[in-house]
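Everything on this sheet refers to the single structure shown next.
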Amino acid sequence: MTDIYQEDLIDEAKNPNNYGEMADPDLVSTQYNASCGDVITVSVKLSPDKLKIADIKWKGQGCVISQASMSVLSEKVKGLELEKLQKLTQKDVLQELGLDEISVGRVKCLLLGLNTIIKLVSK
Amino acid sequence: MLNTDNIIRNFPILTRVINGKKLVYLDNAATSQKPFSVVEAISSYYLNNNANVHRGVHTLSDESTTIFETSKIKIAKFFGAKNNELIFVRNTTEAINGVAYGWGEQNINSDDVILVSILDHHSNIVVWQELCKRKKARLIFVGITSDGKFDVNDFDAKLKKFAGKIKLVVFPHVSNALGSTIDLKIIVKKVRATEKVRVVEKTLRSKNIVSKSSGSKSDFKFDSKIRILVDGAQSAPHMKINFDNLDVDFFAFSGHKMLGPMGIGGLLVREELLITNEMRPWLFGGGMIAEVHESHTIFNDNLSERFVAGTPDVASVAGLAVACEYLENLGMENVLIHDHGLVQYALSELEKNKNVEIVGPKDETRTGSVSFIFKGVHAHDVAQVLDSEGIAVRSGHHCTMPLHTSQKWIATTRASFQVYNSKADIDALTDGLKKVAKIFL
């Protein structure tokens, strides 16, 4: 298997981007990973026309994969159109993390952040 | 016809000698034999990959999850269903119970009508009797014609008589007792046409175009949807099922009758019913959840995973996928032609015996089995003598007591077929029946 625990990935999880709480969010959502209990809460501020993510903050507990992927995702979606955001896939998250593939057992960890954001903006 | 000489080599059990005679297995409607590849898939899983699915990070758990998920995709595809629409259960009986608990409990109310066929297996009768008892609903039987076919005229009459009350229509795709095959297209069309008439009437009334007094009060509460459940236990082994083209709501099948392992089967549910929550989980616990809190639980987002509570039978799912592959390699069109060839040959050979009275249809619509009464000899005695010749048939009421009672049959003897059966097996049966006559008559 590919070594998923590359140094920068562990760093990303240890020092995540956009980590924290937002004073006055437009949308908030919490999602759990049913298989292990990892949790992520995402808060979002939308652009005035409600078409883009203006700002994002998130907090969570979990494995390196779930936290690092949420961290890179939070950078990617800042300023992104909601329409484009909803089209992001597993492949995009892997790419952001610099990984080629991930084992089946870790797919849910990888996608916890993405699923949380997509659910949030789909409301 | 299929090349049974080659096929038999894949079924080690068929080389057994029973009472000094080569086994002739004609009890396939009860359960089929399993090819070596199915048994190997099961043992290989336990010997090499066994671990619990979905909740592990380690390699074995990954392998197990992959085997489970790829097998599920294969099985759903075999039935022409979406992956989401396949819910694993133990067998057809459990699938039907699932519809009663997951759908019936919240959709059947007092005074509602469930239409059932007299051809139905006990599993598609008792479940609805019990639900009707709980809900004070009514179970109405559709009869058969004199040659043992589903009586379409009676069905029409009952659709009309109970219009507005009928919430569910259930019937066997192929009768396990008589081999009568129901043309799904005809039945579905009739049911859906009934719905349309009701919707039009309802709309006209709501716009006061039709006088309100023309219908009883309860008509106004009427929801035009009628759900259709097909018991596919006896059709899935012999013919191609394209669930997404059938326009039925539920289709139940057993793996063990279609060369797969015992203890695994499926309930196919039309996706819309899962999305709208019209069909809800009826078993609760681990695996089917997204979040569990002290006060409440949120179910799994995945439409069919939310129906799998607890550890699934991964080995049997793997075995069933291989059984589907085996049938697919033979080609389901060829499998059906083979079966119809055997049925017609059996009918013509048995008719030559003046002691034999064939029950059920005799035309090309008959699928899977031939049942008969041996005049003057009880079916159990017939089966016992046949066993002494190494021939396995089933005798009794075949879990269709209401059918047997309605026709005043005490018991019947049934020979049922699979891909490994040949005309030689039917010749063995007709020879065996000569021994029956010699002993008892």
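The values are calculated or read from the model by the stated rules, or taken from the named source; none is laboratory data. Source: prediction; values computed, not measured. Here the Cβ is made from the backbone with ideal geometry for all residues, glycine too, and neighbour counts use every protein chain on show. With ligands, DNA and RNA removed, areas are computed over all heavy atoms of the protein, side chains included. Shrake-Rupley method; radii C 1.70, N 1.55, O 1.52, S 1.80 Å.
Applying a threshold of 23 Å to the alpha-carbon distances of B:K160/B:K196; B:K34/B:K240; B:K74/B:K225; B:K72/B:K240; A:K84/B:K72 flags B:K74/B:K225; A:K84/B:K72 as lying beyond it. Annotation for A:K45 and B:Y101: the two label points, set 7 Å from Cα along the Cα-Cβ direction, are 5.0 nm apart.
In the stretch B:267-305, burial by the other protein chains removes 50 Å² or more of 1.4 Å probe accessible surface, compared with the chain on its own, from B:E291. In the protein assembly as shown, a dipole from Cβ-located charges (positive for Lys and Arg, negative for Asp and Glu) runs towards its positive end, and of A:S66, B:V382, B:L273 it is B:V382 whose Cα lies farthest in that direction. At the listed q of 0.08, 0.10, 0.14 Å⁻¹, the Debye profile of the stretch B:43-328, built from one uniform point per Cα, gives log10 I(q)/I(0) equal to -0.38, -0.57, -1.03. Computed from point charges on the beta carbon alone (+1 for Lys and Arg, -1 for Asp and Glu), the dipole magnitude for chain A about its Cα centre is near 500 Debye. The listed residues B:T430, B:T181, B:T367, B:T59 rank as B:T59, B:T181, B:T430, B:T367 when sorted by accessible area, largest first, using a 1.4 Å probe. The per residue volume of the convex hull around the alpha-carbon atoms of the stretch B:285-441 is 186 Å³. Taking the Cα centre of the protein assembly as shown as origin and assigning +1 to Lys and Arg Cβ atoms and -1 to Asp and Glu Cβ atoms, the resulting dipole is close to 2520 debye. The label-point distance for A:T30 and B:A193, in a model that sets each label 7 Å from Cα toward Cβ, rounds to 5.6 nm. Per residue, the stretch B:355-397 exposes an accessible area of 36 Å² to a 1.4 Å probe, with every protein chain left in place. Each of B:Q384 and B:I73 was given a label point 7 Å from its Cα along the Cα-to-Cβ line. The distance between the two points is 5.4 nm.
Annotation note: chymotrypsin sites (Phe, Trp or Tyr not before Pro) in the stretch B:343-397 located in DSSP loop regions with a Cβ neighbour count of at most 15 within 10 Å are absent. For the stretch B:36-152, carbon and sulfur atoms together expose 55% of the accessible surface, with a 1.4 angstrom probe and every protein chain in place.
Write down the Kirkwood hydrodynamic radius of the protein assembly as shown, to one decimal in angstroms, obtained as one divided by the mean of 1/r over all alpha carbon pairs.
Averaging 1/r across every pair of different Cα atoms and inverting gives 26.8 Å.
In the stretch A:75-123, the residues that give up 20 Å² or more of accessible area when the other protein chains are added, compared with the chain on its own (1.4 Å probe), are A:S103, A:V104, A:G105, A:R106, A:K108, A:K119.
So how much slack lies between B:K22 and B:D156, counting 0.36 nm per residue of separation and subtracting their Cα-Cα distance, in nm?
Roughly 43.4 nm would be gained on extension.
If the reach is capped at under 17 angstrom between alpha carbons, list the lysines near A:K78, excluding any in the same chain fewer than eight residues apart. Those lysines meeting the cut-off are A:K45, A:K50, A:K52, A:K57, A:K59, A:K87, A:K119. A full extension of the chain between B:V200 and B:V126 corresponds to an added length of 23.2 nm, given 0.36 nm per residue minus the alpha carbon distance. In terms of overall dimensions, the stretch B:1-47 has a Cα radius of gyration and Dmax of 12.6, 37 angstrom.
Per residue, chain A exposes 52 Å² of solvent-accessible protein surface, assessed with a 1.4 angstrom probe and all protein chains in place. Of all DSSP beta bridges located in the protein assembly as shown, what percent are antiparallel, nearest 5? That works out to approximately 70 percent antiparallel. Ranking A:K52, B:K167, B:K408 from most to least accessible surface, computed with a 1.4 Å probe over the protein chains only, gives B:K408, A:K52, B:K167. Once Rg and the Kirkwood radius are both taken over the C-alpha atoms of the stretch B:396-441, their ratio Rg/Rh works out to 1.09. The value obtained for the stretch B:61-156, namely the Cα convex hull volume divided by the number of residues, is 145 Å³ per residue. Accessible area buried by the pairing of A and B, both sides summed with a 1.4 Å probe, works out to roughly 900 Å². Looking at chain B alone, DSSP beta bridges between its own residues are antiparallel in about 60 percent of cases.
Only lysines eight or more places from B:K375 in sequence, or on another chain, were considered; those with a Cα closer than 28 Å are B:K21, B:K22, B:K149, B:K352, B:K354, B:K362, B:K408, B:K423, B:K434, B:K435, B:K438.
Protein heavy-atom accessible surface, 1.4 Å probe, per residue over the stretch B:1-117: 45 Å². Semi-axis lengths, largest first, of the ellipsoid equivalent to the stretch A:7-122 are 22, 15, 13 Å, with √(5λ) applied to each eigenvalue of the Cα gyration tensor.
When B:K133, B:K74, B:K158 are compared by accessible area at a 1.4 angstrom probe, the order from most to least is B:K133, B:K74, B:K158. Within the shell of other residues whose beta carbon sits under 11 angstrom from the beta carbon of B:F299, the net charge comes to -1, with Lys and Arg scored +1 and Asp and Glu -1. Across the alpha-carbon atoms of the stretch B:296-354, the computed radius of gyration and Dmax are 20.9, 67 angstrom. Candidates B:S371, B:N6, B:A233 compared by Cα position along the dipole of chain B: farthest toward the positive end lies B:S371, with charges placed on Cβ. Here the convex hull built on the C-alpha positions of the stretch B:225-339 has a volume of 117 cubic angstrom per residue.
Using a 1.4 Å probe on the protein heavy atoms, what percent of the accessible area of the stretch A:7-122 belongs to carbon and sulfur? So the carbon and sulfur contribution to the accessible surface is 47 percent. This model, with +1 at the C-beta of Lys and Arg and -1 at the C-beta of Asp and Glu, gives chain B a dipole about its Cα centre of some 1580 debye. Counted residue by residue at 0.36 nm each, then reduced by the alpha carbon distance between them, the extension gain from B:F440 to B:R55 reaches 132.4 nm.
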